[in-house]
Amino acid sequence: MFGCIVMKQYDVRKVRNKQGKRAVPTSLTYCRQGKLLASGNDDGSVQIWDHRRTVAPKMRIWNCHPAGERITCVNFSYDNNVIATRCLDGTVKLYDLRQTKQALFMKDNLPALYDGTKIAFSPNDKILCVGTAGERVKKGVYKPGELKFFLRDDMSEVKSVPVIIIIQFF
């Protein structure tokens with residue numbers, strides 16, 4: 001067969017919560033070098049595995065977000081020293097992987113309605129881009145969603161761009 005790709009599964013990573021029970025990953029990402037895999041889980045934790053270790057995660061951030069809130073996105077910075085997390089509770093947190101006891105920065109009031117809400121670092125690694133959901137102001141009136149840009153160093157807002165969707169019925 002020409003054009004077929006054969007893929008094999010070598011490892012299965014089982015995500016466990018603090019009590020040792022099964023946790024469900026809601027987002028996954030690899031670091032830019034491909035050596036680390038991070039999962040955002042339904043118990044609010046982020047777990048990071050080194051591909052050379054197969055038994056247990058290399059790092060765990062247990063209380064990254066509230067339990068029961070879905071982590072919609074986990075993303076490594078280009079220098080692989082910082083990880084950004086996005087959650088349906090409307091928060092974005094940055095953690096330094098060399099010291100994961102507490103978040104470097106946290107930004108809240110960033111509404112997220114969907115599991116596909118993402119975050120991204122700029123190619124120069126200085127800016128973090130966050131998408132937000134629109135809000136209903138009153139019946140028939142909606143505030144549009146926005147793309148917000150924050151400096152990675154202090155999470156100060158650089159720019160906010162409204163995202164307007166126009167629906168036409170024919």
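The values are calculated or read from the model by the stated rules, or taken from the named source; none is laboratory data. Because the structure is predicted, anything quoted here is derived from the model rather than measured. Using ideal geometry, Cβ is built from the backbone for each residue, glycine included, and neighbour counts are taken over all protein chains shown. The protein model used for the area step is the full one, side chains on, heavy atoms only, and it has no ligands, DNA or RNA in it. Shrake-Rupley method; radii C 1.70, N 1.55, O 1.52, S 1.80 Å.
When only the heavy atoms of the protein chains count and the probe is 1.4 Å, how do Ile71, Ile164, Ile127 rank by accessible area, highest first?
Output order, biggest surface exposure first: Ile164, Ile127, Ile71.
Against the empirical 2.2 N^0.38 Å scaling, what ratio does the C-alpha Rg of the range 69-136 come to? Before the final figure, lay out each step's value.
Values: Rg = 11.9 Å, N = 68, 2.2 N^0.38 = 10.9 Å.
This ratio for the range 69-136 stands at 1.09.
Check each of the trypsin sites (Lys or Arg not before Pro) in the range 45-91 and keep only those in coil by DSSP with at most 13 other C-beta atoms within 10 angstrom; list them in order. Intermediate results must be reported in sequence, preceding the final value.
Details: sites: Arg52, Arg53, Lys58, Arg60, Arg70, Arg86; in loops: Arg52, Arg53, Lys58, Arg70.
Answer by residue number: Arg52, Arg53.
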Accessible carbon and sulfur surface of the range 100-154 relative to its total accessible area, %, 1.4 Å: 54 percent
Fraction of beta bridges assigned by DSSP in the chain that are antiparallel (%, nearest 5): 100 percent
Inter-label distance for Glu135 and Arg52, nm, one decimal - labels placed 7 Å from Cα along Cα-to-Cβ: 4.7 nm
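Taking all protein chains as present, what is the carbon and sulfur share of the accessible area of the range 30-95, in % to the nearest whole number, probe 1.4 Å?
On the way: 1160 of 2580 Å².
Here it works out to 45 percent.
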Positive-end extreme of charge dipole, the range 47-160 - chosen from Pro111, Asn81, Val92 (charges on Cβ): Pro111
Solvent-accessible area of Val137 with every protein chain in place, 1.4 Å probe, in Å² to the nearest 10: 100 Å²
Nitroxide proxy distance, nm - points 7 Å out along Cα→Cβ at Tyr142 and Tyr78: 3.4 nm
Difference of contour (0.36 nm per residue) and Cα-Cα distance, Asp89 to Asp108: 6.0 nm
Pairwise FRET efficiency - Ser122 versus Lys21, Cβ, R0 = 45 Å, nearest 0.05: 0.75
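Ser156 to Lys14: extension gain in nm, 0.36 nm per residue of separation minus the Cα-Cα distance?
Details: separation 142, 0.36 × 142 = 51.12 nm, distance 3.66 nm.
Result for the pair: 47.5 nm of gain on full extension.
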Difference of contour (0.36 nm per residue) and Cα-Cα distance, Ala67 to Ile164: 31.7 nm
